[in-house]
């Protein structure tokens, strides 16, 4: 069987403030190729140029990546403020609907950082714009200085629900992770199950209740050193296995029946 194709939901950037491009981090592409054993396909986040049905038939699963722009607070019933930062409304329109459509049929999804927040918002959660401003919370943002190794270094423990899906993937109910985010879940939607917390109580791992497929999503960045990290590797491997199963019994069966 050929390798599964995993769509990587990218971000838009401006080159020289005049030329718009779509892209995704090389670390995520490498994790998909090396650890998921799949083909990475960067998805441009502009609904005007995408045929969503064709995209879902082409890909066997989707990774919703991190990114500097945040989910617009209108998506969870709040007004934007300076604390919410920058937005990407085109990505909002692509990602939120795609998440709902995939979950409904069991097509695998994997949310990372902003992608984790997209999964949460798609299923009724609200976000706090700045976690470090909350009483008793730590600063989870990326360190402003240092090498990549220093910025992506393991910084805190995540405690997982014993016998939950994350503990099953990791073979442990406590793992060490990096942390590079400013926002986080405020109130979780009814179907969002918080399966892991940082020491300060910040939700760090979620899945969707009663979903027929893979929906594990994390607030940290497991794409860093994914081939070697004892937490990142099994997470990407589990997602890759889910995408292979979808390719075998989901998308291809549906296509053949049409």
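General remarks:
To keep it simple, each residue is scored yes or no on (1) under 20 Å from residue 39 (Cα atoms); (2) surrounded by 16 or more Cβ atoms within 10 Å (Cβ to Cβ); (3) out of contact with any strand residue (DSSP E or B) (no Cβ under 8 Å at 6 or more places or on another chain); (4) modelled with pLDDT of 95 or more.
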{"site": "187", "(1), (2), (3), (4)": "no, no, yes, yes"}
{"site": "193", "(1), (2), (3), (4)": "no, yes, no, yes"}
{"site": "218", "(1), (2), (3), (4)": "no, yes, no, yes"}
{"site": "234", "(1), (2), (3), (4)": "yes, yes, yes, yes"}
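- The condition of being in contact with a helix residue (DSSP H, G or I) (Cβ under 9 Å, 6 or more places away or on another chain) and at positive phi does not hold for residue 178.
- For segment 1-33, the tally of residues that are within 23 Å of residue 87 (Cα to Cα), touching a strand residue (DSSP E or B) at 6+ places or on another chain (Cβ under 6 Å) and in contact (Cβ under 8 Å) with a residue 60 or more places away in the chain stands at 3.
- When residues in segment 77-100 are screened for being at pLDDT 90 or above, touching a strand residue (DSSP E or B) at 6+ places or on another chain (Cβ under 7 Å) and in a loop (DSSP other than H, G, I, E, B), 1 of them pass.
- Hits in segment 131-167 - residues which are part of a loop (DSSP other than H, G, I, E, B) and free of Cβ contacts under 8 Å to residues at least 24 places away in the same chain: 134, 135, 139, 143, 144, 145, 146, 147, 162, 163
Here is a yes/no grid of residues against (1) crowded, with 21+ Cβ neighbours inside 10 Å; (2) at pLDDT 95 or above; (3) outside any helix (DSSP H, G or I):
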site: 206; (1), (2), (3): yes, yes, yes
site: 226; (1), (2), (3): yes, yes, yes
site: 241; (1), (2), (3): no, yes, no
site: 251; (1), (2), (3): yes, no, no
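- In segment 34-47, of all residues being more than 16 Å from residue 94 (Cα to Cα) and free of Cβ contacts under 8 Å to residues at least 40 places away in the same chain, the one that is surrounded by the fewest Cβ atoms within 10 Å (Cβ to Cβ) corresponds to 39.
The values are calculated or read from the model by the stated rules, or taken from the named source; none is laboratory data. Nothing here was measured: the structure is a model prediction, and the numbers come from that model. In this analysis, Cβ positions are derived from the backbone assuming ideal geometry, glycine residues included, and neighbour counts consider all displayed protein chains.
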